[in-house]
Number of protein chains: 2
Amino acid sequence: MNLLPATLFSALAHDTRLRCLVLLLEYQELCVCELTEAIGAAQPHMSRHLGQLREAGLVTDRRAGLWIHYRINPELPSWAMSVIVETAKGVGGLEPFASDLSALVAMPDRSAAPRCA
Amino acid sequence: MNLLPATLFSALAHDTRLRCLVLLLEYQELCVCELTEAIGAAQPHMSRHLGQLREAGLVTDRRAGLWIHYRINPELPSWAMSVIVETAKGVGGLEPFASDLSALVAMPDRSAAPRCA
DNA sequence: ACCAAATATTCGGTCAATCGAATATAGCGA
DNA sequence: TCGCTATATTCGATTGACCGAATATTTGGT
């Protein structure tokens, strides 16, 4: 897969999108309502930015009934994956991500259907 | 040193700035005219983007007579440094960087005063 | 067929990034 | 002091990112 540096970095330059990727890195797969709740954003906001991530080729989506599950595109070039991983490592224990990650820990059981707002 | 992810990634999202960082990573220190020649941009263009890198805290500058030498800020957080290194590794052998890097190889001897346009 | 939940899109407006061209500043040597 | 070289800044214009609010689409259940 081909990915221009500017495409990746423009995507990572927005907190909402970066946090989505960090969360997807940890949880493999999350649906929109889970991401929305974890980040505490409005639904159209999340949908817009997930759309941008999809258009950039950074994530893939999978429809399962009413929900749409996103995951990091498994075909990402390895340098891009490394960039995301290094960012997640460096930024994981710091503000403004700590609060969001702890919110995520309290997320409903992923084996059941997500309990959305 | 503190560096917001959005600050780093916004900087990396522009090809000129990304290439400057990749070049500085390889050459430790370069002056503006060397970067300008290597990238093949107009001088105000380079100056503007170097200014942004400086404002973002990603590079430091050192005046030596008429020339101003830039280098990657040695106080960058390690995750940011890792991001730059991984990007340089992944992108180094590919377009559109290959042509620029080969142009750099042909750069004048760095031990002498730079021969600028 | 209809309703409700999850997700996506459109619209109008604002603010920031970028550019080319022109101009300004700073240091050096004669 | 003057002029040259390297670098920085300003200006006006264009383009693109982002937002909130409203609306549309898709799907499953009844």
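List of remarks:
- Just one of the listed residues (A:G90, A:G51) is within 16 Å of DNA strand D (Cβ to nearest atom), small (G, A, S) and either surrounded by 12 or more Cβ atoms within 10 Å (Cβ to Cβ) or within 14 Å of chain B (Cβ to nearest Cβ) (or both), and it is A:G51.
- Restricting region A:65-86 to residues that are away from DNA strand D (no atom under 16 Å from the Cβ) and β-branched (V, I, T) leaves a set whose member that is farthest from the chain's Cα centre (by Cα) is A:V83.
- Matching residues in region B:18-41 - criterion: being under 16 Å from A:A13 (Cα atoms) and within 13 Å of DNA strand D (Cβ to nearest atom): none
- Tally of residues being closer than 21 Å to B:V91 by Cα and within 13 Å of DNA strand C (Cβ to nearest atom) across region B:19-45: 6
Computed from the coordinates by the stated procedures, all read-outs in this text should not be read as laboratory data. Please read these numbers as outputs of a predicted model, since none were measured by experiment. Cβ: placed from backbone, ideal geometry, glycine included. Neighbour counts: every protein chain shown.
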